[in-house]
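In what follows, a single structure is set out as structure tokens and then discussed.
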Amino acid sequence: MKPLLSVLILSSLASPAFAQSNCVGRVLLPPVESRHGERVLEAPGRIERFHTPARVERIAHRVLVRPAREERVSLPALYRTWHGYEHVQGRPHYVRTEPRYETVSERVVVAPGHYVWERRYGPMVSSGPPQPGQTMVTPTGEIMCKVWCPARYETVQRRVMAEPGHMVAVPTTVEREITRTVMVRPASVQVRRIPAEYRYTYATRLIAPAHWYVRRTAARYGVREVREMHDGGAGWAPVVCGGPLSRPAMAHLQASLNAQGYAAGPADGLGRPETYTALHRFQVEHRLAAGQITVESARALGVVQ
């Protein structure tokens, strides 16, 4: 058996006998709750009859209507009209050019070459015949020589026409709008293949005949939890030893009951019938042993620790 009492809140709240020994008393034990599962029917079993219609199949047959063939199609030439502008040659424009001159240098004869007679003094050549151009004048002994004087030239510049002026034809262009037909695609022959044409005929074939079938559904059960309260009956429990509580302890007990909403009367330490009635109601509602001031009730109310 467990110890009945531990340390008191205040040693003066209970009688000396309350804190001395282990005391048990006959009390009413709290009710006991039991739980168990109960099998319940959720859905009853049933028998269902179903009709399955006949199952048929639709078969398609392909029938040739027209075989494949080739067709020659003549495609005409395709033209389009082109609008635009072009430059054409117009009447020429004549322009007269100025003559072109050049300065040339040429060598001209200022004096042509010629012979002159010059007088010379001195003996003639004693030996041999006289030289050409020598003439002896006697009896004075003068010699006249015929001397060649070369021609004398000078360089002069003069302006000469290198290119005479003439008329030049300058071509001109004129822009005009034209409309022209342009071939985009020449005429041709196209071979077009036409596929064969078919039509379909349908027939119905029985695959499975109609029939009835029966489906049985079993009952469905579930488990429901059942809670039952049983009377605890009479038994033994640790109680306060040495008779009733001391007056300070009783006053503390009454104050605790009043604070929790149980009408225990004035907290003056005097045990009244309403005090014990409130204590009994407290014990029943908190599922504590009832009938006496048990140690468990005293701890619940804060009278002892």
Mind checking which pairs have a first residue in the range 246-274 that is within 16 Å of Gly291 (Cα to Cα) and a second that is polar (S, T, N, Q), Cβ under 6 Å, 6 or more apart or different chains? Ala264/Gln254; Ala264/Asn258; Ala264/Thr275
Considering only residues that are within 27 Å of Gln190 (Cα to Cα) and surrounded by fewer than 10 Cβ atoms within 10 Å (Cβ to Cβ), look in the range 71-115 and name the one that is nearest to the chain's Cα centre (by Cα). Thr81
Filtered residues of the range 48-84 (kept if in a loop (DSSP other than H, G, I, E, B) and β-branched (Val, Ile, Thr)): none
Residue hits (the range 185-196; in a strand (DSSP E or B) and either free of Cβ contacts under 8 Å to residues at least 40 places away in the same chain or exposed (fewer than 10 other Cβ atoms within 10 Å of the Cβ) (or both)) are Val189, Gln190, Val191, Arg192, Arg193
Can you tell me which residue within the range 198-216, out of those that are of a type in the set (Phe, Trp, Tyr) and farther than 30 Å from Arg49 by Cα, is surrounded by the most Cβ atoms within 10 Å (Cβ to Cβ)? Tyr198
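Could you pull out the residue among Glu48, Glu118 that is among the acidic types (Asp, Glu) and exposed (fewer than 10 other Cβ atoms within 10 Å of the Cβ)?
Answer to the selection: Glu48.
Being outside any strand (DSSP E or B) and either among the aromatic types (Phe, Trp, Tyr) or over 58 Å from the mean Cα position of the chain (by Cα) (or both) is the filter here, so list the residues in the range 27-47 that pass it.
Scanning the range 27-47 gives Leu29, Pro30, Pro31.
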Pairs with Cβ under 8 Å, 6+ apart, first in the range 24-43 and on the phi < 0 side of the Ramachandran plot and among the charged types (D, E, K, R), second surrounded by 13 or more Cβ atoms within 10 Å (Cβ to Cβ) and not in a strand (DSSP E or B): Arg26/Gly291; Arg26/Gln292
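For every residue, the table says whether it meets (1) in a helix (DSSP H, G or I); (2) at pLDDT 85 or above; (3) of a type in the set (D, E, K, R); (4) farther than 30 Å from Arg46 by Cα.
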| residue | (1), (2), (3), (4) |
| --- | --- |
| Ala169 | no, no, no, yes |
| Glu175 | no, no, yes, yes |
| Thr201 | no, yes, no, yes |
| Thr204 | no, yes, no, yes |
Where the second residue is surrounded by fewer than 10 Cβ atoms within 10 Å (Cβ to Cβ) and in a strand (DSSP E or B) and the first is at negative phi and of a type in the set (Lys, Arg) and lies in the range 90-110, which pairs have Cβ atoms under 7 Å and are six or more apart or on separate chains? Arg96/Met167; Arg107/Thr155
For Val88, indicate whether it is under 30 Å from Ala290 (Cα atoms), in a strand (DSSP E or B) and β-branched (Val, Ile, Thr). no
Filter result for Gly37 (closer than 30 Å to Arg220 by Cβ, among the small types (Gly, Ala, Ser) and at pLDDT 75 or above): yes
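The values are calculated or read from the model by the stated rules, or taken from the named source; none is laboratory data. Just so we're clear, the structure is a prediction, and the values are computed from it rather than from any experiment. Positions of Cβ are generated from backbone atoms using ideal geometry, with glycine treated the same way; all protein chains shown enter the neighbour counts.
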